[in-house]
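Comments concern the structure below.
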Amino acid sequence: MIAGSTWPGDEAVLKECMAVLPADWKLVIAPHEVDTGHIRKIQQLFGEDAILYSAINHSKKILIVNNIGMLSRLYACGDVAFIGGGFQKGGIHNVLEPAVFGLPVIFGPVYEKFVEAKELAESGYVFPVSDAAACKIILERLISDYNYRSSIHNNLLNFMRQHTGATQRVLDKVQETGWLA
């Protein structure tokens, strides 16, 4: 499970959900803030099961990515994603980064200003949760029901294929209107 751009509220929910993860699953946390103080707090929260990316020397249950720029590549290695920000006022981070790899995405309740997140949630391809209990329920289903997870994976990949080309359409419209002239 890849948890990207997390904040303390997200990390607290993830901590409570650890019992749901099977023994052969790992959690990778790529926090939004990678300053020493925040990284130390995450280490304290997850204890001896966690190891920093910069200190990998053997396998632990939790990997804390303490650098910038790896997250989008990490999503390609996951089965499920949790994106941060949904338990704070500003709202979630980029739901499309993990969705492009077909990962079912879980996030907190603050997502209403993000059109893609709303559309994907209404389609049942991503999962807003209100707290750790709700997160556990959806996570247990995604883990235990491979066919369900696989169906969401395929639906997300199809959704992404159907919604490609926006940049070109915007550029065509800008050129057509002569806005940059």
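The values are calculated or read from the model by the stated rules, or taken from the named source; none is laboratory data. This is a predicted model, so every value here is computed, not measured. Cβ coordinates were reconstructed from backbone atoms using ideal geometry, including for glycine residues, and neighbour counts include every protein chain displayed.
Of the conditions (1) in contact with a Phe, Trp or Tyr (Cβ under 6 Å, 6 or more places away or on another chain); (2) among the aliphatic types (A, V, I, L, M); (3) touching a residue at least 40 places away in the same chain (Cβ under 8 Å), residue 143 clears all except one; give me its number.
Status for residue 143: all satisfied but (1).
Looking at the range 68-90, can you tell me whether even one residue there is more than 10 Å from the chain's Cα centre (by Cα) and without any contact (Cβ under 8 Å) to a residue 12 or more places away in the chain?
yes
Quick check on my filter: what residues within the range 159-181 are free of Cβ contacts under 8 Å to residues at least 24 places away in the same chain, surrounded by 11 or more Cβ atoms within 10 Å (Cβ to Cβ) and within 26 Å of residue 85 (Cα to Cα)?
Our first condition is that a residue be free of Cβ contacts under 8 Å to residues at least 24 places away in the same chain; within the range 159-181, this holds for 161-181.
Then keep just the ones that are surrounded by 11 or more Cβ atoms within 10 Å (Cβ to Cβ); that gives 163, 171-172, 174-175.
Selection gives 163 alone.
Starting from residues that are among the hydrophobic types (A, V, I, L, M, F, W, C) and in a helix (DSSP H, G or I), keep the ones in the range 4-19 and report whichever is surrounded by the fewest Cβ atoms within 10 Å (Cβ to Cβ). Working first, answer last.
Start the filter on the range 4-19 by keeping residues that are among the hydrophobic types (A, V, I, L, M, F, W, C), which leaves 7, 12-14, 17-19.
When the remaining residues are screened for being in a helix (DSSP H, G or I), the result is 12-14, 17-19.
Working: 12: 15, 13: 26, 14: 25, 17: 24, 18: 17, 19: 8.
Among those residues, the one meeting the criterion is 19.
Taking the options 159, 107, 114, name whichever one is among the aromatic types (Phe, Trp, Tyr), under 18 Å from the mean Cα position of the chain (by Cα) and more than 25 Å from residue 32 (Cβ to Cβ). It would help to see each step written out before you state the result.
Values: 107 fails: more than 25 Å from residue 32 (Cβ to Cβ); 114 fails: more than 25 Å from residue 32 (Cβ to Cβ).
Going through 159, 107, 114 in turn, just one is among the aromatic types (Phe, Trp, Tyr), under 18 Å from the mean Cα position of the chain (by Cα) and more than 25 Å from residue 32 (Cβ to Cβ): 159.
If you check residue 47 against the conditions, is it at pLDDT below 95 and either in a helix (DSSP H, G or I) or touching a His at 6+ places or on another chain (Cβ under 6 Å) (or both)?
Details: at pLDDT below 95: yes; either in a helix (DSSP H, G or I) or touching a His at 6+ places or on another chain (Cβ under 6 Å) (or both): yes.
Here the answer is yes, as residue 47 does meet what is asked.
Would you pick out the residues in the range 101-117 that are farther than 21 Å from residue 9 by Cα, surrounded by fewer than 18 Cβ atoms within 10 Å (Cβ to Cβ) and touching a Phe, Trp or Tyr at 6+ places or on another chain (Cβ under 8 Å)?
So the first thing to find is which residues in the range 101-117 are farther than 21 Å from residue 9 by Cα, and the list is 101-103, 115-116.
In the following step, the residues that additionally are surrounded by fewer than 18 Cβ atoms within 10 Å (Cβ to Cβ) were identified as 115-116.
Selection gives nothing.
Hey, could you check the range 118-131 for residues that are surrounded by fewer than 17 Cβ atoms within 10 Å (Cβ to Cβ) and in contact (Cβ under 8 Å) with a residue 24 or more places away in the chain and say which is farthest from residue 2 (Cα to Cα)? Give the steps one after another, and end with the answer.
Going residue by residue through the range 118-131, those that are surrounded by fewer than 17 Cβ atoms within 10 Å (Cβ to Cβ) are 118-119, 122-124, 130-131.
Adding the requirement that they be in contact (Cβ under 8 Å) with a residue 24 or more places away in the chain leaves 123-124, 131.
Working: 123: 22, 124: 19, 131: 18 Å.
Applying the filter and picking the extreme gives 123.
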